[in-house]
Amino acid sequence: MSWVQLSLLMQNSERPLIDPKDLQLENCIIIDARGGPDAYQRFASNHLEGALHVDLDRDLSQKPHDPAYGGRHPLPDLEAFTRFLGSLGVTPSSHVIVYDDKHGANAAARFWWMLRALGHNNVQVVNGGLDAIIRNRLPMTSAISSPTSAPPYPADAWRRPTASIHDVLNALKDGSRTVIDVREGYRFRGESEPIDLIAGHIPGAINVPYLDNLSEDGTFRPAEELASQFKNVLGKRNASDIIVHCGSGVTACHTLLAMEHAGLTGASLYVGSWSEWSRRDLPIGTGNE
């Protein structure tokens, strides 16, 4: 069995993506995770029928005390997050569907990763996000649905691997792991930085922009194409030897989702990402080196 065939076999066992044409809006919990300062207003004016809104800053991260220690979007307190899931009606038996307006590149992928990190397998991101939903003429509404609340989700730990800043330092020092930066190339090269204080990248990291995960129409590339792409990046290393980061641990989840779509699991999320590293008086790389 070839490497790509093995990847596809693994991918078929648990599908992290769902095509809009396959959506059945009954018997599932639909999450609209679009972001931005006016996200709720946009959600309220037009969203997939039955969808509930979640907010990246309020619900999927905690306000950082100091971004130098944890980054701009640290994971929320586990107990608070399990209570929040209960308020949405999410239980271990729930089928959860999530989308955003960034082709899954923002909070949708983060929410997917967080649920998977709690051990919840039945969660899928809409392939192509809101644009694909609209293209497929699925029922949209401005009516706000009320969730049927449930007890806090039964979880006591994040069970997917994460990496600390010390893990990244050690990986680059001993060469034991590959660090992938998924930000756009201009940010990686240090040409400009629209969000954080300093432009550049973690020296020794390689740039695999998250946009490379997508086809021209904003849907994920076929699993076999992504499997081949990541195989070129990983070489002889396993996914468990990979640390993925972005600006603040959100868009990195898009690449973790793409890897899972390609049949690769076990890569670590560096939650603090560039927003933490760049504030710690550590070496800064520029250009493509």
**Prompt:** Only one residue in V126, V96 is assigned by TED's automatic domain parsing to the domain that holds H53, of a type in the set (A, V, I, L, M, F, W, C) and surrounded by fewer than 23 Cβ atoms within 10 Å (Cβ to Cβ), so which one is that?
**Reply:** V96
**Failed item in (1) more than 21 Å from H254 (Cβ to Cβ); (2) aliphatic (A, V, I, L, M); (3) outside any helix (DSSP H, G or I), with L172 passing the rest** = (3)
**Request:** Being among the hydrophobic types (A, V, I, L, M, F, W, C) and surrounded by 15 or more Cβ atoms within 10 Å (Cβ to Cβ) is the filter here, so list the residues in the range 257-289 that pass it.
**Result:** L257, A258, M259, A262, L264, A267, L269, V271, W274, W277, I284
**Which numbered condition E49 fails, given (1) out of contact with any helix residue (DSSP H, G or I) (no Cβ under 8 Å at 6 or more places or on another chain); (2) surrounded by 17 or more Cβ atoms within 10 Å (Cβ to Cβ); (3) at pLDDT 95 or above** = (2)
**Prompt:** Among L226, L264, L257, which is the only one that is touching a Pro at 6+ places or on another chain (Cβ under 9 Å) and either closer than 24 Å to I133 by Cβ or not assigned by TED's automatic domain parsing to the domain that holds A117 (or both)?
**Reply:** L257
**Prompt:** When you look at G71, is it closer than 16 Å to A143 by Cα and either outside the structural domain of A117 (by TED's automatic domain parsing) or assigned to a loop (DSSP other than H, G, I, E, B) (or both), yes or no?
**Reply:** no
**Complete:** Per the list (1) more than 28 Å from I165 (Cβ to Cβ); (2) at pLDDT below 95; (3) not small (G, A, S), residue check on R42 breaks on (2)
**Message:** For the range 191-220, which positions are under 14 Å from G129 (Cα atoms), in a loop (DSSP other than H, G, I, E, B) and either in contact with a strand residue (DSSP E or B) (Cβ under 9 Å, 6 or more places away or on another chain) or of a type in the set (F, W, Y) (or both)?
**Reply:** T219
**Message:** Of all residues being hydroxyl-bearing (S, T, Y) and within 20 Å of the chain's Cα centre (by Cα) in the range 180-220, which is surrounded by the fewest Cβ atoms within 10 Å (Cβ to Cβ)? Just the residue, please.
**Reply:** S215
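The values are calculated or read from the model by the stated rules, or taken from the named source; none is laboratory data. Just so you know, these numbers come straight off a predicted model, no measurement behind them. Cβ: placed from backbone, ideal geometry, glycine included. Neighbour counts: every protein chain shown.
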